[in-house]
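To start, the structure under review is shown below, and the notes come after it.
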Amino acid sequence: MNIRQNAGASVVPFPVPLKEISKNRIFLSAPHMTGNEQTYIREAFESNWIAPMGENVNQFELEMAAYATTQAAAALSSGTAAIHLALQLLGVGKGDRVFCSSLTFVASANPILYAGAEPVFIDSEEETWNMSPWALQKAFAAAEQEGKLPKAVVIVHIYGQSARMDELLALCNHYGVPVVEDAAESLGSTYKGKKTGSLGAYGIYSFNGNKIITTSGGGMLVSNDRKGVAQARFLASQAKDDAAFYEHSRVGYNYRMSNVLAGIGRAQLEAIELRVSARRAVFGRYSAVLSKHEAVKFQPELEGTRSNRWLTVMLLDPAKTDRSPDDIRESLETENIESRRVWKPLHLQPLFAGCKFYSHNPHGKTAVSEKLFAEGLCLPSGSDLQPEQQQRIIKLLEEILD
Ligand SMILES: *Cc1c(COP(=O)(O)O)cnc(C)c1O
């Protein structure tokens, strides 16, 4: 094997200077700072608390728990880490089964593989694009027959829209299976007045750079189970036992959020409601103009729910236009505007080849998640998107579609 160490290896320059790419580029979802981040970061620097743990971490956890209306929260290095710990806390291990939404980012399901467990994917339904209670029922019935119920169900609130939680929770409760809510994209969204992320056994949020608020990278685990959250903090700091020396009885992780980044999160959280209304306004402007086009539809908002509209997603009916999502994405790209296809369903990913999948639709009819993948396009949706930038995008889209 030819092993090349870093020393001596030639450095390949990034092909295009980053400055040139970002100049005038309209991003899908750019970070939006409040200005107050520096205050909290300065506090961390002034106290020389440049470590995981510290006052910003403690306060950010309390503030997030209060915002999510849960008893406790643990600040972590990523949303993925939060899902991984949630599965650990629920005892998911080798050979176990975990149900998961199929229409999502791979980070929802990677932790199932970290645990050595088997993911089973559940289709979407049309009204929320999230986990279909009908498909979930089919999956539970089949699993019960096999005598192998899942250890957990990961329910995603995609693009900020809440799933049908009453129906989904009723099924999970019936089978006695705990729920992990992947609310990475839905911070600030509600289901019947309750915050998404607060409804399952555990909820997770992400503060990745493209999310509605960011710490540049980070995540949060929330729950009403204070002991569980305390255990998550323990596992996230290398599972160091309570001893005068370094003693370890089980596998741990280095998953804590740094005190510097938690400072960014505190300032960002202060602005969450402004960010939600800004993203909702972005959605409103797109849909007001483009809904008039007969080929265009947008992600619905289920009655009784309020979406943070993290991303505005447009669907193109192939029976009514010959423009595909990729055509539009490429046209926008030539104008230095970023847009993205809808998540490719996980049951179609090579990584998960051979995993079980339960469709919302009867056999022979295209699954809902597959249709959404084929027809959907995510439009620039940042809370800092300027109205004149959006006017330009809308005008371009109208030209492309007409
Ligand atoms: C972003 C995201 C995650 C992962 O969050 P990270 O903080 O990037 O690890 C998980 N699930 C969904 C649906 C996401 O969009």
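The values are calculated or read from the model by the stated rules, or taken from the named source; none is laboratory data. Treat the numbers as computed from the prediction; the structure is a model and nothing was measured. Virtual Cβ from ideal backbone geometry, glycine too; neighbours counted across all protein chains shown. Accessible surface is based on the protein model in full, side chains and every heavy atom, while ligands, DNA and RNA are left aside. Shrake-Rupley method; radii C 1.70, N 1.55, O 1.52, S 1.80 Å.
Residues H32, H363 ordered from highest to lowest accessible area at a 1.4 Å probe: H363, H32. Counting only lysines at least 8 places from K395 when in the same chain, those with an alpha carbon closer than 22 Å to its own are K23, K292, K297, K320. Per-peptide packing, taken as the mean over residues of other Cβ atoms within 10 Å, places 48-57, 204-213, 66-75 in the sequence 204-213, 66-75, 48-57 from highest down. Coupling constants for the range 154-168 follow from the phi torsions by the Karplus curve (6.51 cos²θ - 1.76 cosθ + 1.60, θ = phi - 60°), and in residue order they are 9, 10, 9, 9, 6, 6, x, 8, 5, 6, 7, 5, 4, 5, 5 Hz; glycine and proline get x. For K192, the aspartates and glutamates whose Cα falls under 17 Å of its own Cα, not counting residues fewer than eight places away in the same chain, are E127, D166, E167, E181, E301, E303.
Net charge near L311: determine it from the other residues with C-beta under 11 Å of the C-beta of L311, scoring Lys and Arg +1 and Asp and Glu -1.
Values: positive: K211, R279, R309, R340; negative: E185.
Net charge around L311: +3.
Nearest 5 is fine: what % of DSSP beta bridges in the chain come out antiparallel, could you say?
Numbers: 27 of 46 bridges.
Looking only at bridges with both residues in the chain, the antiparallel portion is about 60 percent.
With an a/c value of 1.5 or above and a/b not larger than b/c for the gyration tensor axes a ≥ b ≥ c computed over the alpha-carbon atoms, the range 186-225 is described as oblate.
Heavy-atom accessible surface of the range 37-270, averaged per residue, reaches 37 Å², computed with a 1.4 Å probe. Taken along the Cα-to-beta-carbon direction at a fixed 7 Å, the label points for K292 and I50 span 5.6 nm. Summary value for the chain: 23 percent relative contact order, contacts being C-alpha pairs under 8 angstrom separated by 6+ residues.
Remark: relative contact order (the range 284-393) = 30 percent; criterion is Cα-Cα distance under 8 angstrom and separation of 6 or more residues. Computed from backbone phi with θ = phi - 60° and the Karplus coefficients 6.51, -1.76 and 1.60, the 3J(HN,Hα) list for the range 291-296 is 4, 5, 6, 5, 7, 9 Hz; x is used for glycine and proline. Cross-link reach is defined here as a Cα-Cα straight distance under 24 Å, omitting same-chain residues fewer than 8 places apart; for K240 the lysines meeting it are K94, K227. Remark: the range 272-401 carries a charge dipole of roughly 460 debye about the Cα centre, counting +1 on each Lys and Arg Cβ and -1 on each Asp and Glu Cβ.
Annotation: for a label point projected 7 angstrom from Cα along Cα→Cβ of I272, residues of the range 173-196 with backbone N closer than 17 Å are 181-196.
With both labels modelled 7 Å from their Cα along Cα-to-Cβ, the A374 to E126 distance reads 1.5 nm.
About the Cα centre, and with charges only on the beta carbon of Lys, Arg (+1) and Asp, Glu (-1), how big is the dipole of the chain? Nearest 20 debye, please. Spell out each step's value before the answer.
Values: 41 positive and 44 negative charges, 85 e Å.
The calculation lands at about 400 debye.
Among P31, P325, P362, the largest mean-square fluctuation in a Gaussian network model of the chain (Cα springs under 10 Å) belongs to P362.
At 0.36 nm per residue, and after removing the present C-alpha to C-alpha distance, how many nm does the segment from K138 to R226 gain when stretched out fully?
Values: separation 88, 0.36 × 88 = 31.68 nm, distance 3.33 nm.
Full extension of this stretch gives 28.4 nm more.
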